[in-house]
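Asks: Pasting a structure below so you can have a look.
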């Protein structure tokens, strides 16, 4: 069944009739919500929205964590032909109010007391908002409760609801997704029903998604990757289990035993670091066994990638070592998807060597979001796969990736100037990413065009490959390479604190991080990591100085986006003094 609107997609969910359509944790155990129950709640809330005057094209904002109510609210908004405006649940009140104000949201639905209090305090800054609806909150005067609204609308005439669904057209605006904003204010990306459905149906044709499967959803649904993934799960008839939080994913994987899930590279980096740290802590024979198994798995990568028998030694490595690693993903695990940021080739090789298929894809919010993806039938590590059917990709003269297809956004909301900068009249969209297409059609991403470093001698340097190389080592959790208009590169490094703690103890180094980051023995350890990376690069790409940061870069501090991309502009400002010290201590050739 092909769907062209999200209303048709919702009908497919109802027709599927799955008893465990959605799974969420209540009182310590995962409980199912059937497709029929979801449909009843969607009809009830759609009726409430209609009664409050929500009409075709009106915007309704939603600020909540991943949960069954997120899907309920989203489908209810869409069923009326209204526009769903997701807000990251982690945004500060000022950021959330900006999205509600800029979108002209008529109603804001909020989960949680803290979020609601923050938005109510800024109510005057959102003049178009006529009503707040809350769930997971204590009662407030003047704020409607979600469950009460759903119950009040439960008696809606099913025929009337079906007529609402019939009104949706592929070209209708479905959602405004505000970009996470690594530079400047977020912009509202206008995606139509047709944009999203083209992406969902195409991806479901090329990726194995079986009706009997269960998926775990834990990336924020306000982000286009998880949003489209969940729509794809719905379309394929897969049950969706919602993680309690990113912090509980490891536990929820064992409870849910999912077949598939998607995540950003930062999560996979942490998993790999934890595995390697446990191996180091075990030491002795266990470490030698793991090193042997990893080497065997790496040699067998061509067979792993082709899903062929990897040979006797790897089958033995699977039984003795990798089965224990895979067990942390659950007994039913089939594959995982990576997107939202570049995945280092070494990181991908680690998981594939261990028999854990990790399929990297590529896209942007503006492309609904998938442009290209590796599939089990066609995978090449170090690339983001081939463009999906129906999407054209070409490389501009300056290396920028251009894309055209049914998934390309309508434009930026109330921002024709920004739209004209990236979207040509003939439909080609400028991604802002630099990349290459190989002879077989696989796409590789080099860097963000705006993040390319042009040093003082006019050399172009892509920071992402250097940063990924650094993070591939055991000791480094985060890395930010700096050097625009400078004579040489420097880097800000965040240690892998969990891995480093035993090493510090074994070397008699005590005190808090602000003290030991300056210890010469610690600095020598990280200099060795930089030397390892520098050996792979030309002189002008080599890092000449570094500073260790005593804490992680975080979303809460405004240094990372919700999808864990570094906000370089913020980093430049926040660590300006440290950067100036790095440059002042070296001559123009980078020598101390």
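Asks: Could you please find all residues in the stretch 138-151 being closer than 16 Å to residue 42 by Cα and either in a loop (DSSP other than H, G, I, E, B) or in contact with a helix residue (DSSP H, G or I) (Cβ under 6 Å, 6 or more places away or on another chain) (or both)? Break it down stepwise before answering.
Replies: As a first pass, look at the stretch 138-151 and keep what is closer than 16 Å to residue 42 by Cα: 145-151.
Within the stretch 138-151, 149, 150 qualify.
Asks: How many of the residues in the stretch 497-516 are assigned to a loop (DSSP other than H, G, I, E, B) and modelled with pLDDT of 90 or more?
Replies: The initial filter retains those residues of the stretch 497-516 that are assigned to a loop (DSSP other than H, G, I, E, B), namely 507-512.
Retained after the next criterion (residues that are modelled with pLDDT of 90 or more): 507-509.
Counting residues in the stretch 497-516 that are assigned to a loop (DSSP other than H, G, I, E, B) and modelled with pLDDT of 90 or more gives 3.
Asks: Quickly run through the stretch 464-496 and pick out the residues that are touching a helix residue (DSSP H, G or I) at 6+ places or on another chain (Cβ under 8 Å), closer than 16 Å to residue 564 by Cα and either free of Cβ contacts under 8 Å to residues at least 12 places away in the same chain or assigned to a helix (DSSP H, G or I) (or both).
Replies: 464, 468, 471, listed by residue number.
Asks: Output the number of the condition that residue 177 fails; it satisfies all remaining conditions of (1) assigned to a strand (DSSP E or B); (2) more than 22 Å from residue 407 (Cβ to Cβ).
Replies: (2)
Asks: Can you spot a residue in the stretch 194-208 that is in contact with a helix residue (DSSP H, G or I) (Cβ under 8 Å, 6 or more places away or on another chain), in a strand (DSSP E or B) and surrounded by 18 or more Cβ atoms within 10 Å (Cβ to Cβ)?
Replies: No; the residues of the stretch 194-208 include none that is in contact with a helix residue (DSSP H, G or I) (Cβ under 8 Å, 6 or more places away or on another chain), in a strand (DSSP E or B) and surrounded by 18 or more Cβ atoms within 10 Å (Cβ to Cβ).
Asks: State all residues of the stretch 49-61 that are surrounded by fewer than 24 Cβ atoms within 10 Å (Cβ to Cβ) and at negative phi; if no residue qualifies, say none.
Replies: So in the stretch 49-61, the residues surrounded by fewer than 24 Cβ atoms within 10 Å (Cβ to Cβ) come out as 50-58.
Hits for the stretch 49-61 are 50, 51, 52, 54, 55, 56, 58.
Asks: Would you confirm, using the coordinates I've provided, whether residue 225 is outside the structural domain of residue 89 (by TED's automatic domain parsing) and touching a residue at least 12 places away in the same chain (Cβ under 8 Å)? Even if it seems obvious, please write down each step before you answer.
Replies: Details: outside the structural domain of residue 89 (by TED's automatic domain parsing): no; touching a residue at least 12 places away in the same chain (Cβ under 8 Å): yes.
Criteria not met by residue 225.
Asks: Still on this structure, please answer the following. In the stretch 96-124, what residues are part of a helix (DSSP H, G or I) and within 21 Å of residue 67 (Cβ to Cβ)? Full working, then the answer.
Replies: Just the residues of the stretch 96-124 that are part of a helix (DSSP H, G or I), to begin with: 96-103, 113-121, 123-124.
Result: 96, 99, 100, 113, 114, 115, 116, 117, 118, 119.
Asks: Among the candidates 185, 171, single out the residue that is in contact with a strand residue (DSSP E or B) (Cβ under 7 Å, 6 or more places away or on another chain), surrounded by fewer than 18 Cβ atoms within 10 Å (Cβ to Cβ) and touching a residue at least 12 places away in the same chain (Cβ under 8 Å). So that I can check it myself, show each step before the final result.
Replies: Values: 185 fails: in contact with a strand residue (DSSP E or B) (Cβ under 7 Å, 6 or more places away or on another chain).
Matching residue, one of 185, 171: 171.
Asks: Please indicate, with yes or no, whether at least one residue in the stretch 295-309 is touching a residue at least 40 places away in the same chain (Cβ under 8 Å), outside any helix (DSSP H, G or I) and not assigned by TED's automatic domain parsing to the domain that holds residue 219.
Replies: Yes, the stretch 295-309 contains at least one residue that is touching a residue at least 40 places away in the same chain (Cβ under 8 Å), outside any helix (DSSP H, G or I) and not assigned by TED's automatic domain parsing to the domain that holds residue 219.
Asks: Mind telling me which of the residues 256, 249, 271, 279 ends up being under 17 Å from residue 326 (Cβ atoms) and in contact with a strand residue (DSSP E or B) (Cβ under 7 Å, 6 or more places away or on another chain)?
Replies: After ruling out the rest, the residue left standing is 256.
The values are calculated or read from the model by the stated rules, or taken from the named source; none is laboratory data. Fair warning: this is a prediction, and the values are worked out from it, not measured in the lab. When we count neighbours, we look across all protein chains shown, and the Cβ atoms used for this are built from the backbone with ideal geometry, even at glycine.
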